[in-house]
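Single-structure report; data block below.
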Amino acid sequence: MTSSAEKYDVFQAIADPTRREVLRLLSEKELPISKITSHFPISRTAIAKHLHILSEARLVNGEKVGREKIYRLQPEPLVELKKWLSFYEQFWNNKLSMLKHVVENNGENKLQVIKTEFDHEK
């Protein structure tokens, strides 16, 4: 396998909930692998593999400081994800507008039915 074939993209990297949680942790501050591992019920080796995938996707960067490697978030590749998601926002916004319309119209219709029933009882 060539090195380019081993690379992960942003979408592959964030597909795993553990990696998303690692990104959240690193968004708060830079951490060594030992501190990252302490937040999960999995081995240090498993966390190292997750960090490797995040590094391949260029979402994290590790820098050797003394005997430890300190990881930090590199959020720039998330722009690609944001652009992709922004296209689909139009559908969410459209559905919310439709829901608002239905709720408002049904609310008015129900009030009209109640008013009509009340008028008939008089």
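The values are calculated or read from the model by the stated rules, or taken from the named source; none is laboratory data. If you're wondering where the values come from, they're calculated on a predicted model, not measured in any experiment. Don't worry about glycine lacking a Cβ; one is built from the backbone with ideal geometry, like all the others, and counts go over all protein chains shown.
So, L31, is that one under 19 Å from V79 (Cβ atoms), at pLDDT 95 or above and among the aliphatic types (A, V, I, L, M) or not?
Against the criterion (under 19 Å from V79 (Cβ atoms), at pLDDT 95 or above and among the aliphatic types (A, V, I, L, M)), L31 does not qualify.
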Output the number of residues of the range 26-47 satisfying the condition of being surrounded by 15 or more Cβ atoms within 10 Å (Cβ to Cβ) and without any contact (Cβ under 8 Å) to a residue 40 or more places away in the chain. 6
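Okay, residues lined up against (1) modelled with pLDDT of 70 or more; (2) farther than 28 Å from L31 by Cα; (3) within 23 Å of the chain's Cα centre (by Cα):
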site: E56; (1), (2), (3): yes, no, yes
site: L59; (1), (2), (3): yes, no, yes
site: V65; (1), (2), (3): yes, no, no
site: E68; (1), (2), (3): yes, no, no
site: L73; (1), (2), (3): yes, no, yes
site: S97; (1), (2), (3): yes, yes, no
site: N105; (1), (2), (3): yes, yes, no
site: V113; (1), (2), (3): no, yes, no
Every pair of residues 6+ apart whose Cβ atoms lie under 8 Å, when the first sits in the range 69-91 and is touching a residue at least 24 places away in the same chain (Cβ under 8 Å) while the second is of a type outside the set (A, V, I, L, M, F, W, C) and in a helix (DSSP H, G or I): L73/S27; P75/S27
Could you please find all residues in the range 8-17 being in a helix (DSSP H, G or I) and exposed (fewer than 14 other Cβ atoms within 10 Å of the Cβ)? F11, Q12, P17
Condition first: outside any loop (DSSP other than H, G, I, E, B) and more than 21 Å from P32 (Cα to Cα). Now tell me which residues in the range 57-85 satisfy that. L78, V79, E80, L81, K82, K83, W84, L85
Taking A57, is it among the hydrophobic types (A, V, I, L, M, F, W, C), touching a residue at least 12 places away in the same chain (Cβ under 8 Å) and closer than 19 Å to E80 by Cα? yes
